[in-house]
Structure formats: C-alpha cells, structure tokens
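To keep things clear, I will list the structure first and then write my remarks on it.
The values are calculated or read from the model by the stated rules, or taken from the named source; none is laboratory data. Bear in mind that the values here come from a model prediction, so they are computed numbers and not experimental data. A quick note on method: Cβ atoms are made from the backbone with ideal geometry, for glycine too, and the neighbour counts reach across all protein chains shown. Calculation scope for accessible area: heavy atoms of the full protein, side chains included, ligands and nucleic acids excluded. Shrake-Rupley method; radii C 1.70, N 1.55, O 1.52, S 1.80 Å.
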Amino acid sequence: MEALRNAWYVAAWPDEIARGALLGRTILNEPILMYRKRDGSAVAIGGRCPHRFAPLHLGRHMGDTIRCGYHGLEFGADGRCTLNPHGNGVMPENATVPTYPLVERHAMVWIWMGSEHADESLIPDEFAFVADPGRVHIRGMLHVEAHYQLLVDNLMDLSHGLYLHAGTLATDQMQENFVPKARLDGDVVRCDREQPGIEPPALWVPALPPGTERVDYYSNLSWHAPSNVIHPVGCRMLGKPEGVDGGVGSRSAHMFTPETETTSHYFYSNSRDYGLDSQETDDRIRATLERVFGNEDRPMIEAQHKMIGNVDLDSLHPVVLPSDRATVLVRRRLAQLIKRENARTGREQVGEDALSVR
Ligand code: FES
Ligand SMILES: [Fe+2]
C-alpha cells in the first residue's frame with residue numbers, strides 16, 4: 001500500500017502483549033504476530049505460517065518460540081523454523097517468516113515495517129508524556145473502517161468539533177476567536193489555536209475553580225510523520241501560564257496505524273496532571289473519549305471513506321477551506337516523504353500523488 005514504510009508505527013499497547021499471549025494484528029497489509037520472550041522482551045514476526053498459511057496467533061506460545069496451531073511447525077523470534085515434527089524433521093529452507101524491529105518506548109509498542117535501518121532515535125521524544133508517572137492516563141483503541149489519512153485529517157482540522165461534537169466536546173463559546181494557525185516546523189506540522197478571554201467551554205467547567213468566568217483557551221496540534229499527533233488542550237487563567245492558579249489542561253496522543261488501504265488502528269491516550277486521584281474524573285473522561293471518538297468521529301469518517309471510495313482524494317477536486325491548512329501541509333509533507341523513500345529504496349511509485357491534496 002502507499003504509505004511510509006521506513007517509519008515507526010504504534011503496533012500495540014504494551015499490556016496487549018501479555019506474557020504467554022500471542023497477539024495477531026495486520027499492519028500495512030502484513031500479518032504480524034507479537035509475543036514476549038521468556039526475558040519479557042516483545043518481538044514481532046510474520047503472522048502467517050509458511051506451510052498452509054494458518055494464522056500463527058492461533059498457535060501456542062512455547063517460551064522463546066511459537067508453535068503453529070495447525071500442523072505444529074515451530075518458529076523462533078529470528079523468524080526461522082526451529083522444529084519440524086514431521087518426517088525426518090528436516091527444516092525446509094523456505095520455512096521462515098519475516099521479522100520486524102519492535103521497540104517499547106513511551107508506554108507504547110512501536111514497529112518498523114521498512115527494510116532500511118530501524119533508527120530508534122526517530123521515535124519522537126515528544127511522546128514521552130504518555131509514560132509520565134506524574135500524570136493520569138486514559139488509553140483506548142478503536143478499529144476504523146477508513147483510510148488512516150482520513151483519521152489524521154480529522155484531528156488536524158478541529159473545526160469539525162464545532163459541528164460533529166456540538167454538545168459533547170464543543171459548545172458555542174468555542175466559536176469565539178476560532179483562528180487556527182498551521183505551519184511546517186522541520187518535518188512536524190503544527191497547528192495552534194489560541195482563544196483568549198472566552199467563556200470556559202462546558203467540558204472544562206467541572207475542573208476549573210468555581211466561578212471562573214473567562215479563560216484563555218488553547219488547543220494545539222503537532223503531527224509527527226507518518227501518522228502520530230500530539231494534542232495539548234485546556235484553559236489557562238487569564239494572562240497566566242499553563243497550570244497556574246487553577247488553569248487545567250490535558251495532553252493527548254493519537255496514533256493512527258494503517259491496517260489495510262481501507263482500515264486503520266486508532267490508539268489514543270489522554271493524560272492530565274489535575275484530579276490525579278479522582279475516579280469520577282477518570283470515568284467522565286473515559287466515557288467522553290469513547291463517545292466522541294467511537295460514536296461521533298468513527299461513524300462520520302467511515303461514511304466519508306465510503307463516499308470517497310478507493311480513489312485519490314485529490315482526484316475529486318475537494319473544496320479547500322482556510323481550516324484545511326494543517327491537513328494540506330500534512331498530506332503534502334507525507335507525500336514528499338513517501339516519494340523520497342521510493343526513490344531511495346527503488347520501490348515502484350504507485351499513484352504518485354495518492355496522498356497529496358495540492
Ligand atoms: S499451517 Fe502451520 S504448520 Fe501447517
Ligand atoms: Fe473529532
């Protein structure tokens with residue numbers, strides 16, 4: 001599929017790869033099996049047995065190796081067959097599965113799908129807050145029947161919040177001074193929105209000091225290639241820096257990992273540094289996230305994907321609004337990165353402009 005391959009994608013939350021468990025997941029059209037070795041380290045190998053192509057996650061965890069659940073071939077973390085229980089036990093040369101670099105960092109499991117060197121320094125340090133023990137984290141994941149780029153678009157253009165999330169996430173106060181500013185900063189696309197002196201949006205009122213009438217609201221996005229976004233959002237007390245005198249905010253991370261051309265894995269983590277011991281706040285945030293992403297964003301994006309079909313968005317000549325600036329910058333940058341990667345790796349260019357808007 002047309003996507004950046006030599007890049008880190010989030011493959012799982014660490015606790016999804018429990019000891020002794022076999023986690024099967026398709027990423028960039030490739031079946032992957034993730035499991036933990038006896039020393040606790042997580043590994044990823046091809047998820048399809050090379051014999052009769054049974055899914056290896058339906059097999060058995062044998063410690064450092066796994067056994068195919070169909071006819072018993074065993075494979076190690078290096079992808080090689082370690083045991084053939086049939087005939088003279090010779091391991092056929094092609095009895096191997098691919099292997100993938102897998103790294104646990106910032107409380108996430110990252111996978112590298114390309115053939116170039118898996119440079120761990122490319123995992124952005126900006127995501128370290130997801131593992132910050134001084135914050136409370138509410139995590140989740142969704143499976144979405146839509147192209148991953150539509151999910152990135154959704155987040156990078158939060159003007160949709162005023163309509164799609166009216167009454168849940170957004171309120172009328174948030175229309176005031178709504179001017180997002182998008183720019184390219186190296187390989188990162190940033191989109192900042194400052195709304196000084198507005199009435200506190202309803203969602204934040206329970207966390208603010210009682211009687212707060214006006215706040216400086218902020219909602220800033222940063223996209224890190226290929227498809228990971230950080231979103232600090234909240235209320236500062238008028239003229240004060242973040243977190244001072246009762247100002248509250250959250251910082252969330254959104255990781256979109258392509259499953260196929262038409263489906264995606266959506267990992268999200270919302271974190272806060274206020275109300276740390278409040279179960280009531282945890283429950284309220286969890287319910288809001290599930291409702292907003294699962295019941296509002298997901299159905300709209302899936303329906304949008306169906307409307308577009310499997311064609312390049314650009315070929316439909318979309319209307320471009322000022323609020324699309326960040327999504328245009330992201331698509332343009334990603335298309336450049338893919339083009340460069342194709343030139344480097346000699347991969348055939350399929351649909352050169354498939355991901356560009358302009
Ligand atoms: S399909 Fe795996 S051993 Fe036969
Ligand atoms: Fe949304």
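One table, with the values for the structure above:
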| quantity | calculated |
| --- | --- |
| Excluding exposed DSSP-loop GluC sites (Glu not before Pro) (at most 12 other C-beta within 10 Å), longest clean stretch of the chain | 214-347 |
| Principal semi-axes in Å for the chain [√(5λ), Cα gyration tensor, largest first] | 40, 25, 17 |
| The chain, accessible area per residue, ligands and nucleic acids excluded (1.4 Å, Å²) | 46 |
| Gain on full stretching of the segment that runs from E176 to D132 - 0.36 nm per residue minus C-alpha separation | 12.5 nm |
| Compactness relative to 2.2 N^0.38 Å, alpha carbon Rg of the range 8-120 | 1.03 |
| Selection of chymotrypsin sites (Phe, Trp or Tyr not before Pro), the range 1-99, meeting DSSP coil and at most 13 other Cβ within 10 Å | F53 |
| Tilt relative to the chain, helix 325-345 - C-alpha long axis, 0 to 90 degrees, to 10 | 20 |
| D187-S115 FRET efficiency (beta carbon distance; Förster radius 22 Å; 0.05 resolution) | 0.60 |
| Gain in span if fully extended, L316 to M1, counting 0.36 nm per residue against the direct Cα distance | 111.4 nm |
| Approximate spin-label separation N295-V205, in nm, with each point projected 7 Å along Cα-to-Cβ | 2.0 |
| Set of aspartates and glutamates near K181 by C-alpha distance (under 13 Å), chain-local residues within fewer than 8 positions excluded | D157, D192, E194, D324 |
| Rel. contact order, % - alpha carbon contacts under 8 angstrom, at least six apart, the chain | 17 |
| Proximal aspartates and glutamates to K339, defined as alpha-carbon separation beneath 17 angstrom and excluding residues fewer than eight positions away on the same chain | E2, E116, D187, D312, D314, E348, E352, D353 |
| Placed amide H near I27: partners under 5 Å, 5+ positions off or other chain | I32 |
| Of all accessible heavy-atom area on the chain, the percent that carbon and sulfur account for (1.4 Å) | 51 |
| K181 accessible area, 1.4 Å probe, all protein chains in place, Å² to nearest 10 | 140 |
| Relative contact order computed over the range 8-120 (Cα-Cα under 8 Å; 6+ residues apart), in percent | 25 |
| Loop trypsin sites (Lys or Arg not before Pro), the range 32-81 (other Cβ atoms within 10 Å of the site Cβ: 13 or fewer; DSSP) | R38, R52 |
| Spatial separation of Cα centroids for the range 54-126 and the range 286-305, in angstrom | 33 |
| Label-point separation, E242 to I308 (7 Å along Cα→Cβ), nm | 3.0 |
| Two-site FRET efficiency, T168 against R19, from Cβ-Cβ distance with R₀ of 35 Å, rounded to 0.05 | 0.40 |
| Estimated inter-spin distance, E93 and Y70, nm [label 7 Å along Cα→Cβ] | 2.3 |
| H265, H143, reordered so the largest accessible area comes first (probe 1.4 Å) | H143, H265 |
| Accessible-area ranking of V109, V188, V90, largest first, probe 1.4 Å | V90, V188, V109 |
